[in-house]
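S.K.: After the structure tokens below, expect a handful of questions from me.
The values are calculated or read from the model by the stated rules, or taken from the named source; none is laboratory data. Nothing here was measured: the structure is a model prediction, and the numbers come from that model. Accessible surface is based on the protein model in full, side chains and every heavy atom, while ligands, DNA and RNA are left aside. Shrake-Rupley method; radii C 1.70, N 1.55, O 1.52, S 1.80 Å.
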Amino acid sequence: QPQLVTPENLYTNVDLTRFNPTWLSTTGADVFVVEVSTDRTFKNRSLILQLPTVYSTAPQATGVTQVLASSVNLTTNPVLLRDRNFANYVNCVANAAKPMLYWRVGARSDNDRPGPVHWITRNHGDGDRTFRYVYSEVRSFTPADMPPPPP
């Protein structure tokens, strides 16, 4: 199970246009997936943004900082924009509440077939590897204030 570093749980000032989380490697995991969602349970597939696979820089070590290849702009992501509250906030709709976002990191050895139990179906025989990871704890964060709309 990977250990999350930043953003810290309940962090309240995350720049959604440059989301760049960090986490620590874990021995035996050579691939990671960072997931962001407005669903804290990560059970609604349609609301789970899976960022591109990250290949570990230290698959035989625990505790080495891992990062995305580059920061991600969450404000334009169609998966997250499916959530009306999130869409209203990033589109600066009057009186829109700040959304709570959740993130986690999945780890596995890419050679494992089929891999860990499927997170959503909980079916050992499910051939879909999309959610076959050992997941970190779930952390939450809220975004920094959005800039005002143009005049």
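S.K.: Taking the Cα centre of each part, how many Å lie between the stretch 8-85 and the stretch 92-141?
M.R.: With the stretch 8-85 and the stretch 92-141 each reduced to a Cα centre, they are spaced 9 Å.
S.K.: Rg to Rh ratio, the stretch 76-119, alpha-carbon atoms and Kirkwood radius? Mind showing how you got there, number by number?
M.R.: Working: Rg = 16.5 Å, Rh = 13.2 Å.
Ratio value, two decimals: 1.25.
S.K.: How much of the DSSP bridge set in the chain is antiparallel, in percent, rounded to the nearest 5? It would help to have the intermediate numbers written out before the result.
M.R.: Numbers: 24 of 26 bridges.
Antiparallel bridges: around 90 percent, rounded to the nearest 5.
S.K.: Further question on the same structure: What does the convex hull of the Cα atoms of the chain come to per residue, in Å³, rounded to a whole number?
M.R.: On the way: hull volume 15.1 nm³, N = 151.
Considering the Cα atoms of the chain, their hull volume per residue is 100 Å³.
S.K.: With N set to the residue count of the stretch 1-54, report its C-alpha Rg divided by 2.2 N^0.38 Å to two decimal places.
M.R.: Relative to the 2.2 N^0.38 Å estimate, the stretch 1-54 comes out at 1.21.
S.K.: In terms of modelled amide H atoms, which long-range or inter-chain residues lie less than 5 Å from the amide H of Thr22?
M.R.: Val5, Thr6
S.K.: Tell me, what ³J(HN,Hα) does each residue in the stretch 85-102 have, in order and in whole Hz, if you take phi through Karplus 6.51 cos²θ - 1.76 cosθ + 1.60 with θ = phi - 60° and put x for Gly and Pro?
M.R.: Karplus-based 3J(HN,Hα) across the stretch 85-102 equals 4, 5, 4, 4, 5, 6, 8, 6, 5, 3, 6, 5, 7, 5, x, 9, 10, 10 Hz.
S.K.: Moving on to the next point. Counting only protein heavy atoms and using a 1.4 Å probe, what share of the accessible area of the chain belongs to carbon plus sulfur, as a whole percent? Write out the running numbers ahead of the final one.
M.R.: Numbers: 4020 of 7920 Å².
Here carbon and sulfur together make up 51 percent of the probe-accessible area.
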